[in-house]
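J.: Just dropping this structure here.
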Amino acid sequence: MTSFRTLAIENPTQLLFGVSPRPVTTRSGMRIGGGLVYPELNFTLPTMLVTEQTMPEVLRHYTEIVTEATRRAAELEAPGLLLEFEALPPMTENPDWGMDVVHVLLDGIEKGESKYGLKAALRVTPNDTREMIRPPRMRSGALYENMLALFERSAAAGADLLSIESVGGKEVHDEALVSGDLELAIFGLCVMGVRDMRFLWTEITGIARRHGVHPAGDTACGFANTAMVMAEQRLIPRVFAAVIRAVSAVRSLVAYECGAVGPGKDCGYENVFLKAITGCPMAMEGKTASCAHLSPVGNVSAAMADTWSNESVQNVKLLGGMAPICSLETLIYDCRLMNEAIADGPEAARTLRDWMVRSDARFDPQALILTPASAVRVARAIVVAPNPYRAGIAAAREAIAILSDAAAQGACKISDREAVWFDRMTDTLDDLPSDEDAFIERTMAQVDRSTFVAEDYLLAERANA
Amino acid sequence: MTELDNLTEAIVRGDRKEAVRLTQERIDAGDEPKNILAALVKGMDIVGDKFQRQEAWVPEMLIASRAMSQSLALLEPLLVAAGIKPEFTAVVGTVEGDLHDIGKNLVAMMWRGANFHVIDLGTNVPSDKFVEAAREHNADVVGLSALLTTTMPAMKATIEKFREANLPNTKVVIGGAPITMEFAREIGADGFAPDAASAVGLVRELVGKA
Ligand code: B12
């Protein structure tokens, strides 16, 4: 395991879209992070069931998407195209079905290459189906085996990149979000989450190595994006969601400690911190993912993107054509603009970047926490901490400092109703023990242990204590 | 302010200790259980309204609902003895294939706050299980939640099961981010609510005061 004790990118001015210190090259020759931002297209089915009977129809959808997407990408002369197949749960539970889709997509990519000379690559993202039973079994069982089978078989079939939106620790984190409980959130992300990530990503990097493909990265989607969506619905304060984002980086970082190389998974907005720490390229999504979910970070999220994604869109008809193709077109134009700025030199690129950053950062604390300056501050707090638990506390403190300073200076819109949460969160952090064992001891005595299997998190002896 | 107003206030503040203390005090003072209950429910109604006006966060609503349920626990034996039943019985769950439950949990919480008897079947619930539970508990209302477009058809299937099962007194309502009024109508649901707070009003309107 690599332990990141220093930053790969120390200076915020060096945090820029399209360039990263450790580019990733796909088989088709796309150099992600090597000076160009590539479009990363995501897509899903329209309202329908996925069953044995509907699989032919399912495959028709995916065939149509890949055929049209490669054609449009070639027409618009995209320098490359990354497709992400985010499986739907039945496709992970039945890896045969998942593989049918993988083959359709790889086949389409190959046809696109031979027909148009298009460089393209596939990211496969099996579902973390371990939680289909509650409490989830994280390290054994049919669900776990099938999930790994889809990874293994996708890698063997030639998928360039492997990713997942893993859920370890979420068993308590959902409760932490609805109760606004930062202590429990740190337990879910930095104790449970980190332990599961170490286990899972050791498996995934092993699979990738065996087949010569790239273990790309994970995301704290079920944690920090859940918080963001809830904040967007005004269910929880945005400042709380912004702090959760910073803390979530500690969990997602573990994939890279285990050998992931990027590009990090698109919906992990915490990728900005991870890029500063690891130097790996990152997928990001923002305004062009509004087809999938709204967000307050539409522009700022592009500032450090190495691939630019639409998150997900259903294969339905719009006036312009099928929705994934419309999405792709928008992505390609977004990338053209960023790539033109890069071609004009670092100064020009930084001007565009700074416009993207400033145009969001003053409106929402969740945007402010993603700026290059914030990213480097939070990233540094994480790497100097002695362990993931303390890194979580440090990330939270740094985020609170960034946000409360901005609020005090009027640099970011934060209402009084939200600002009271700075003290509330700081009080929580002040009350935490500095020793991880003491923290685990204390939290294990309070959490609802029926929601998770302690031994799967190597917490069993604590549970019995 | 009467003592019962104080109790309502304690619920609104989410002051669990004070709410429990005042509930016990009112019980000891011999107040009618149904009046004490009304004071508790009124507190949750106020919190629900504040929430809808975006003056309260979910964590605050949750604290209030915990204060409510602890107070209610003291009151329950008296309510049972007096033959006072919860206003409605509701079964709630996320449909088969779907694991999203934060929204469903909020709906359950609001329904409990409004003094519904809630049976929460959890996530990934097969359609038969909804029907069984509704029959077993003689439910007034069943709430189905779905967040995936690929599990929306499971709502339709569940509603068909309910029609087959012939439970005329059980209304089926649905919700979740991708759900619309139009979809609810299309699949023959009895109702739809866009958020947890309005889910209370929906049921009160649909089933009517008992
Ligand atoms: C959090 C989340 C998750 C978490 C779930 C955590 C949990 N315990 O619930 C995790 C990470 C596990 C997850 C997993 C997945 N998710 Co998800 N998830 C979300 C997210 C970001 C937020 C949902 C949420 O909790 N919102 C907050 C709550 C409070 O809102 P709500 O659920 O809408 O509920 C409110 C109302 O709708 C209403 N309501 C809800 N239920 C009911 C019921 C009744 C009766 C009534 C009256 C009202 C009502 O009241 C609630 C309170 O006001 C959404 C994005 C979105 N836009 O919704 C994606 C989203 C739903 N997920 C999506 C996907 C694709 C998935 C996965 C397949 C991802 C994957 N590749 O593995 C898996 C599926 C797992 C499964 N089998 O279900 C997609 C769905 C796309 C599609 N095709 O339908 C979405 C839209 C994201 C996206 N844009 O791509 N997800």
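The values are calculated or read from the model by the stated rules, or taken from the named source; none is laboratory data. What you see is a predicted model; the values in this text were computed from it and never measured. No Cβ is skipped: glycine too gets one built from the backbone with ideal geometry, and neighbour counts run over all protein chains shown. Calculation scope for accessible area: heavy atoms of the full protein, side chains included, ligands and nucleic acids excluded. Shrake-Rupley method; radii C 1.70, N 1.55, O 1.52, S 1.80 Å.
J.: Go through (1) within 14 Å of chain A (Cβ to nearest Cβ); (2) modelled with pLDDT of 95 or more for B:A165 and report which single condition fails.
T.: (1)
J.: Please count how many residues of the stretch A:216-248 are open to solvent by 10 Å² or more (accessible area, probe 1.4 Å), more than 9 Å from the ligand (Cβ to nearest atom) and either at positive phi or more than 11 Å from chain B (Cβ to nearest Cβ) (or both).
T.: Residues flagged as open to solvent by 10 Å² or more (accessible area, probe 1.4 Å), more than 9 Å from the ligand (Cβ to nearest atom) and either at positive phi or more than 11 Å from chain B (Cβ to nearest Cβ) (or both) within the stretch A:216-248 amount to 2.
J.: A further question on this structure: Restricting attention to strands (runs of 3 or more DSSP E) lying wholly within the stretch A:17-96, give those where 1 or more residues are open to solvent by less than 10 Å² (accessible area, probe 1.4 Å) and within 16 Å of the ligand (Cβ to nearest atom).
T.: Details: elements: A:19-25, A:31-34, A:38-42, A:81-86.
Here the list reads A:38-42, A:81-86.
J.: Here is a further query. Of the conditions (1) in contact (Cβ under 8 Å) with a residue 24 or more places away in the chain; (2) away from the ligand (no atom under 11 Å from the Cβ); (3) not small (G, A, S), B:N166 fails just one. Which one is it?
T.: Tallying (1) in contact (Cβ under 8 Å) with a residue 24 or more places away in the chain; (2) away from the ligand (no atom under 11 Å from the Cβ); (3) not small (G, A, S), B:N166 fails exactly one: (1).
J.: Has the stretch A:57-78 got at least one residue that is out of contact with any Asp or Glu (no Cβ under 9 Å at 6 or more places or on another chain) and within 14 Å of chain B (Cβ to nearest Cβ)?
T.: For the stretch A:57-78, residues out of contact with any Asp or Glu (no Cβ under 9 Å at 6 or more places or on another chain) and within 14 Å of chain B (Cβ to nearest Cβ): present.
J.: Does the stretch A:101-123 include one or more residues that are out of contact with any helix residue (DSSP H, G or I) (no Cβ under 6 Å at 6 or more places or on another chain), among the polar types (S, T, N, Q) and open to solvent by less than 10 Å² (accessible area, probe 1.4 Å)?
T.: no
J.: Scanning the stretch B:122-135 for residues that are in contact (Cβ under 8 Å) with a residue 12 or more places away in the chain and in a helix (DSSP H, G or I), which turns out surrounded by the fewest Cβ atoms within 10 Å (Cβ to Cβ)? Write out each step before concluding.
T.: We begin by selecting, within the stretch B:122-135, every residue in contact (Cβ under 8 Å) with a residue 12 or more places away in the chain; these are B:122-131, B:133-135.
With in a helix (DSSP H, G or I) added as a condition, the list becomes B:127-131, B:133-135.
Details: B:S127: 20, B:D128: 12, B:K129: 17, B:F130: 27, B:V131: 21, B:A133: 18, B:A134: 25, B:R135: 14.
Across the stretch B:122-135, the extreme among qualifying residues is B:D128.
J.: Taking helices (runs of 4 or more DSSP H) that do not extend beyond the stretch A:315-420, which have at least 2 residues that are more than 30 Å from A:L49 (Cα to Cα) and over 21 Å from the mean Cα position of the chain (by Cα)? Steps first, please.
T.: Working: elements: A:323-343, A:346-361, A:365-368, A:372-384, A:388-408.
Per the criteria, A:323-343, A:346-361, A:388-408.
J.: Check off (1) within 14 Å of chain A (Cβ to nearest Cβ); (2) more than 7 Å from the ligand (Cβ to nearest atom); (3) open to solvent by less than 60 Å² (accessible area, probe 1.4 Å) for B:G176 and give me the number that stays unchecked.
T.: (2)
J.: Working carefully through the options A:E165, A:E203, find the one that is among the acidic types (D, E), more than 14 Å from the ligand (Cβ to nearest atom), surrounded by fewer than 24 Cβ atoms within 10 Å (Cβ to Cβ) and closer than 30 Å to A:T25 by Cβ. Quick ask: steps written out before the conclusion?
T.: Numbers: A:E165 fails: more than 14 Å from the ligand (Cβ to nearest atom).
From the options A:E165, A:E203, the qualifying one is A:E203.
J.: Let me ask something else. Closer than 30 Å to A:P90 by Cα, away from the ligand (no atom under 13 Å from the Cβ) and of a type in the set (D, E, K, R): which single residue out of B:K85, B:K129, B:K42 fits that description? Spell out the reasoning first.
T.: On the way: B:K85 fails: closer than 30 Å to A:P90 by Cα; B:K42 fails: closer than 30 Å to A:P90 by Cα.
That would be B:K129, the only listed residue that is closer than 30 Å to A:P90 by Cα, away from the ligand (no atom under 13 Å from the Cβ) and of a type in the set (D, E, K, R).
J.: Follow-up question, since we're still on this one. If I ask for residues that are within 11 Å of the ligand (Cβ to nearest atom), part of a loop (DSSP other than H, G, I, E, B) and either modelled with pLDDT of 95 or more or away from chain A (no Cβ under 14 Å) (or both), which ones from the stretch B:97-121 would you list?
T.: none
J.: Within the stretch A:107-142, how many residues are basic (K, R), more than 17 Å from A:A69 (Cβ to Cβ) and away from chain B (no Cβ under 14 Å)?
T.: Kept after step one, since they are basic (K, R), are these residues of the stretch A:107-142: A:111, A:115, A:119, A:123, A:130, A:134, A:137, A:139.
Narrowing the set further to residues that are more than 17 Å from A:A69 (Cβ to Cβ) leaves A:130, A:134, A:137, A:139.
Applying the additional criterion that residues be away from chain B (no Cβ under 14 Å) yields A:137, A:139.
Number satisfying all stated conditions: 2.
J.: Here are the criteria: (1) touching a residue at least 60 places away in the same chain (Cβ under 8 Å); (2) within 12 Å of the ligand (Cβ to nearest atom). Tell me which single one B:V207 does not satisfy.
T.: Checking B:V207 against (1) touching a residue at least 60 places away in the same chain (Cβ under 8 Å); (2) within 12 Å of the ligand (Cβ to nearest atom), the one that fails is (2).
J.: Yes or no: the stretch A:134-153 includes at least one residue that is in contact with a strand residue (DSSP E or B) (Cβ under 7 Å, 6 or more places away or on another chain) and within 15 Å of the ligand (Cβ to nearest atom).
T.: The initial filter retains those residues of the stretch A:134-153 that are in contact with a strand residue (DSSP E or B) (Cβ under 7 Å, 6 or more places away or on another chain), namely A:151.
Still in the running and within 15 Å of the ligand (Cβ to nearest atom): A:151.
The answer is yes; a qualifying residue exists.
J.: Could you list, in sequence order, the residues of the stretch B:136-159 that are among the aliphatic types (A, V, I, L, M), part of a loop (DSSP other than H, G, I, E, B) and open to solvent by 10 Å² or more (accessible area, probe 1.4 Å)?
T.: Going through the stretch B:136-159, the residues among the aliphatic types (A, V, I, L, M) turn out to be B:139, B:141-142, B:144, B:146-148, B:152, B:154-155, B:157, B:159.
Checking the rest, the ones that are also part of a loop (DSSP other than H, G, I, E, B) come to B:139, B:146-148.
Answer for the stretch B:136-159, where residues must be among the aliphatic types (A, V, I, L, M), part of a loop (DSSP other than H, G, I, E, B) and open to solvent by 10 Å² or more (accessible area, probe 1.4 Å): B:L147, B:L148.
J.: Let me ask something else about it. Could you please let me know if A:G286 is within 16 Å of the ligand (Cβ to nearest atom) and either among the charged types (D, E, K, R) or without any contact (Cβ under 8 Å) to a residue 24 or more places away in the chain (or both)?
T.: yes
J.: Next up: Give, as residue ranges, the helices (runs of 4 or more DSSP H) completely inside the stretch B:1-86 that count at least 1 residues that are within 14 Å of another protein chain (Cβ to nearest Cβ) and either surrounded by fewer than 20 Cβ atoms within 10 Å (Cβ to Cβ) or among the aromatic types (F, W, Y) (or both).
T.: Values: elements: B:3-13, B:16-28, B:33-52, B:58-81.
Per the criteria, B:16-28, B:33-52, B:58-81.
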